[in-house]
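First comes the structure, then the notes that go with it.
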Amino acid sequence: MINNENISGDSRLRGNDRLSWDDFGRTDLLPAGHALGEVGLLFEKIEDEAIEAQIQKLEDTKKNNEIAGQASNDAAAVKETVAFEDWEKLDIRVGTVLECAKVPKADKLLQFKIADGNGERTILSGIAAYYPEPEKLVGSQVCFIANFAPRKLRGIDSEGMILSAQLPDGKLIMIQPKDKIENGSCVC
């Protein structure tokens, strides 16, 4: 049922206590030639200035979101200071990847066989999520720490550490020389 308060205009319609949906198809509710009441706007006109103000507001919000996104991409804070002598203890070298494969039953680990200038070494690295096709790394050169004590991971001795950069979103990318250089070259 439709209440009479919802119908503006003719007093004859207001006189009916109730109208039903079935009444809307009837043509005898008003006499012929009856003048309708004043017609009002259903929607308010939106001026160009109001549209421009809303567009500017959206652009400002977009700009603020981009700035906030850039702020979240800032580099991590610098760790505590270390003595230069401690830095000198690290033996960072360049080697060529001879083999690379995922470690069975380990989602994160890749097993590298590296030509290090003095022979070959095996290094495990937790970067499998970022290199889904490890076989494509064969032939590339990587930087690695050569003088870490061997560490057993998943029953395999890892003889060093592949160096990677961590992006603000957490993604790891191996550090690699721009040009091909001799295996075993020191990074200093």
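Values quoted throughout were computed directly from the atomic coordinates according to the rules given, and no laboratory measurement underlies them. These figures come from a predicted structure and were not determined experimentally. No Cβ is skipped: glycine too gets one built from the backbone with ideal geometry, and neighbour counts run over all protein chains shown.
Which of these, PHE148, PHE112, PHE43, has the largest mean-square fluctuation under a Gaussian network model of the chain (Cα springs below 10 Å)?
Looking only at PHE148, PHE112, PHE43, the biggest GNM fluctuation is shown by PHE43.
Working out 0.36 nm times the residue gap between ALA115 and ASN64, then minus their Cα-Cα distance, what length gain in nm do you get to one decimal?
Once the chain is fully extended between ALA115 and ASN64, it gains 13.5 nm.
If the limit is 28 Å between Cα atoms, which of LYS89/LYS178; LYS62/LYS136; LYS102/LYS180 go over it?
LYS62/LYS136
Could you check the spin-label model distance between LEU153 and ALA165? Points 7 Å from the Cα along Cα→Cβ, value in nm.
With each label placed 7 Å out from Cα toward Cβ, I get 2.1 nm.
Projected onto the charge dipole of the stretch 91-174 (+1 at Lys/Arg Cβ, -1 at Asp/Glu Cβ, origin at the Cα centre), which of ALA106, PRO132, MET161 gives the Cα projection farthest towards the positive end?
Going by the Cα projections, it comes out as ALA106.
What is the packing order of peptides 150-160, 164-174, 54-64, taking the mean over residues of other C-beta atoms within 10 Å and listing the highest first?
Packing order, densest peptide first, comes out as 150-160, 164-174, 54-64.
Once you have the Cα-Cα distance between ARG26 and VAL82, take 0.36 nm times their residue separation minus that, and quote the gain in nm to one decimal.
Contour length minus the Cα-Cα distance gives 11.0 nm.
Suppose a student asked you for the relative contact order of the chain, using Cα pairs under 8 Å spaced at least 6 residues apart; what percent would you report?
Here the relative contact order equals 18 percent.
State the dimensionless ratio Rg/Rh of the stretch 91-174 (Rg: radius of gyration of Cα atoms; Rh: Kirkwood radius).
Result: Rg/Rh = 0.93.
For a quick protection proxy, order the peptides 18-26, 114-122 by their average other-Cβ count within 10 Å, most packed first.
114-122, 18-26
Which residues' amide hydrogens lie under 5 Å from the amide hydrogen of LEU19, considering only partners 5 or more residues apart or on another chain, with H built in the peptide plane?
Close amide H contacts, sequence-distant or interchain: ILE2.
Expressed as an acute angle from 0 to 90° and rounded to the nearest 10, what is the orientation of the C-alpha long axis of helix 48-72 relative to the principal long axis of the chain?
Taking the Cα atoms of the chain, the angle to 48-72 is about 20 degrees.
Only Cα pairs within less than 10 Å get springs; with that Gaussian network setup on the chain, which residue of ILE46, ILE127, ILE175 has the largest fluctuation?
With Cα springs under 10 Å in the chain, the top fluctuation among ILE46, ILE127, ILE175 is at ILE46.
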